[in-house]
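Trainee: First the structure, which I've put down as structure tokens, then a few questions once you've had a look.
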Amino acid sequence: MQTDKILKSADKFHIELGLHRISRVLEILGNPEKDLKFVHIAGSNGKGSVCAILEEIFVTAGIKTGKFTSPHLFSYTERFCIDKEPISEEELDKIIKRILEVEKAHNISLTEFEILTVAAFLYFKEQGCDIVILEAGLGGRLDSTNVIKKPLISVITSISLEHTEILGNTIEEIAKEKAGIIKPGAPVVFLESNKGSKTLFDEAKSKDALVHTAQAFEIEEINEISYAAINFENNKEAMVFGLRGNHQGENLGLALKVVEILNASGALNKKIDFGCIKKALSQVRWKFRLDLRSINGAKVLIDSCHNPDGARVLRKYLDTNFKDKKIRFVFGCLKNKDYRNVFRYLMADNAAARVLNSSSPYGPLKPAYHNDMQCTLQNDHGCLNDGDSGLENQNLQNVALDKNFEQFKLSGQKELFFYEFNYPNALKYEEFLDGILPMIGSSDSSLHNEFLHSTNNPLDEISNNVDLNVITGSIYMLGEIFKEF
């Protein structure tokens, strides 16, 4: 596949925000985006789940649905789906070649993500999609997906501190960047509980946009089956829901509000009924997000948790459904991630975990590493753990690490295997040790033998002698581990 080699070349594989380059290329190509109907989704966490829920509903309703998301697990083709089927490698290569010819002829240099965005517009137009679910990559205002002029609906999921070197140092600054996808006169949907809701309201008002707020639904798991108690167009019912975790109630609330608005507007030329919703919710899946499986007879939970927000959600799920159980983690991440606080959420005993989730002055910390923009964001367009509602105490980011020592105590029921996966900027085991050993108040390397190990073969660490195996961390690590699955 030529696409992979081209997009990861030195002159393409970086972040360069702005809309002038992509706008020019789309104009040359006849502005294919102008012939498409979009649901445009931005936010820090939850974008992927909202996309997956909407896709399942639209496809179940018989609506020809395009979906553009990022990043991918195994292949770039996963980012371009029509009715849940990814584009073929041959078709993607052909479209990329066409875009590169325009680049060369007009002396324009697009980034990797800009090329992918143009490719999505071309593909979905040529295939005659009725609607396109469009996920923003980084931020919103200057993200290449924001070249579209007026979506059917804009959706902003939960907001938390992320990519602060680009988007801003406060929730309000980041919310304003996300709110860049709000368009004059078009509906926008977000949660009343969104940490950036005031900023979102203000931005929507300044553009005369139509604000719709959504409420989270309750999610409960019984005998490892997830149920959602929903209220859709005055139909109230508890039903099987294919996504796990109470946090998914927020994403489900956003998705169903979108469907309600589309039904009321008639924009899809058909009404999506309650029976369709019920069937779709039972079928929806989002790979490697609280993904419970059986591997060689052992119970394995796979989750793309690689930041404190995601770790908090994962820990809440484990405390709810596997309280006081013996758990074995396999974990790996990139160097720029706040792995210390991820480790703290995963490995702390119950009392320490409650402190971390409280409004204690011992709050979440800044990341352990601050790399340059290209290193930090390398091919990481919005790749945060899905469906999280943000940090517990956003104003305590600058608390010193040593104040957290007394709050951290290891759980005797957990052990962790660290995996150095093969990816640029992946964290090394020795770097990991340097960061976490001071947290437990000791530099004694013998502690490794009790709860901490390294591994070169993560699947070999799956054990039937624990209650649950959790393989978690960078989505790129998960893609490497499970490429044969």
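The values are calculated or read from the model by the stated rules, or taken from the named source; none is laboratory data. Bear in mind the structure is a predicted one, so any value in this text is a computation, not a measurement. Methodologically, a virtual Cβ is constructed for each residue, glycine included, from the backbone with ideal geometry; neighbour enumeration extends over all protein chains shown.
Trainee: Could you list, in sequence order, all residues of the stretch 171-223 that are among the acidic types (Asp, Glu) and without any contact (Cβ under 8 Å) to a residue 60 or more places away in the chain?
Mentor: To start, the set of residues in the stretch 171-223 that are among the acidic types (Asp, Glu) comprises 172-173, 177, 192, 202-203, 208, 218, 220-221.
Once the filter is applied, which keeps residues that are among the acidic types (Asp, Glu) and without any contact (Cβ under 8 Å) to a residue 60 or more places away in the chain, the stretch 171-223 yields 172, 173, 177, 192, 202, 203, 208, 218, 220.
Trainee: Check 33, 55, 16 and return the single one that is at pLDDT 95 or above and farther than 22 Å from residue 281 by Cα.
Mentor: 33
Trainee: When you scan the stretch 461-485, how many residues do you find that are part of a helix (DSSP H, G or I), of a type in the set (Asp, Glu) and under 21 Å from residue 297 (Cα atoms)?
Mentor: The first filter runs over the stretch 461-485 and keeps only residues part of a helix (DSSP H, G or I), leaving 461, 475-481.
Then drop every residue that is not of a type in the set (Asp, Glu), which leaves 461, 480.
The next check asks that each one be under 21 Å from residue 297 (Cα atoms); those that pass are 461.
The number of residues fulfilling the criteria is 1.
Trainee: Of the residues that make up the stretch 178-199, is at least one buried (at least 24 other Cβ atoms within 10 Å of the Cβ) and of a type in the set (S, T, N, Q)?
Mentor: There is at least one residue in the stretch 178-199 that is buried (at least 24 other Cβ atoms within 10 Å of the Cβ) and of a type in the set (S, T, N, Q).
Trainee: Cβ-Cβ distance below 6 Å, separation of 6 or more or different chains: which pairs start in the stretch 77-102 with a residue that is modelled with pLDDT of 95 or more and end on one that is among the basic types (Lys, Arg)?
Mentor: Sorted first by the residue in the stretch 77-102, then by its partner, the pairs are 81/67.
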